[in-house]
Amino acid sequence: MKNPNQELLYRRMRQHQSQWQLTNGLYLPHSYEPPRQLSWWDDIGFILNRRRVMVWWIHPRMSYADAIEELAWETTVTMPKEFPMLLGHEPSQKIWKKAGRSRKKVVGYQAQPQSEARREHYDKLFATENLLKAKGIDFEVRPSMSVKAYSWGRGVELCVPVEVRNEQEAQNMISLVRRLLKREVSLASQFSGYRYGQQEWLAESDQREG
């Protein structure tokens with residue numbers, strides 16, 4: 001017996017399929033220029049069974065870099081009272097404009113100059129992050145995929161060790177996603193035993209800097 005809610009969701013998905021401008025069957029919102037040695041993330045769309053599929057892909061090195069940034073914050077920013085200052089939540093100065101003889105209204109806000117303490121905190125944060133990037137950290141990333149249904153189509157969050165530096169590599173990655181969604185292959189069969197960790201991060205140091 002069909003699920004009415006599921007069928008309604010599928011109908012809504014099909015209504016959205018024509019709202020993309022496709023290039024060789026792909027929705028490519030980002031440019032691949034200038035050329036680069038390594039890729040980090042991308043958003044690519046395509047049509048499958050008359051429904052839109054949006055792939056939010058990251059390379060495991062992106063997840064590893066995010067872990068370094070998070071550790072730098074945890075190591076450097078230890079006091080809760082430091083967060084508003086570092087995130088730019090310092091009070092702004094109101095900009096007033098006369099609105100008649102005795103009235104005035106706020107027409108904007110002027111950010112406060114960056115304080116010396118804030119600059120010192122960021123200098124310390126960036127120094128810590130650069131040190132961790134140079135040494136690497138004890139952290140491992142494995143391939144992963146999650147799929148969610150939305151009214152406009154399906155969203156795929158994907159972390160796999162492929163490069164997406166041009167349209168052809170984008171086509172290759174989407175070909176893999178199609179096969180994964182159709183259950184023709186699995187992450188385990190395609191990337192058996194794969195892990196991205198400190199060794200892989202350090203081996204790519206010259207390419208990241210190039």
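Read the figures in this text as sums done on the coordinates, not as results from a lab. This is a predicted model, so every value here is computed, not measured. Counting neighbours? That spans all protein chains shown, and the Cβs are built from the backbone with ideal geometry, glycine included.
Taking the Cα centre of region 128-210 as the origin, how large is its charge dipole in debye, to the nearest 20, when only Lys and Arg (+1) and Asp and Glu (-1) carry charge on their Cβ atoms? Numbers along the way, then the final one.
Working: 12 positive and 12 negative charges, 111 e Å.
The dipole magnitude comes to about 540 debye.
Assuming 1.002 mPa s and 20 °C, estimate D for region 132-210 with Stokes-Einstein, Rh taken as the Kirkwood radius over Cα pairs, in µm²/s. Don't skip to the end; give the middle numbers.
Values: Rh = 14.7 Å.
Reported coefficient: 146 µm²/s.
Taking loop as defined by DSSP and a crowding limit of 10 other beta carbons within 10 Å, which trypsin sites (Lys or Arg not before Pro) in region 153-191 fit?
Taking region 153-191 and a limit of 10 other Cβ atoms within 10 Å, the loop trypsin sites (Lys or Arg not before Pro) found are Lys182, Arg183.
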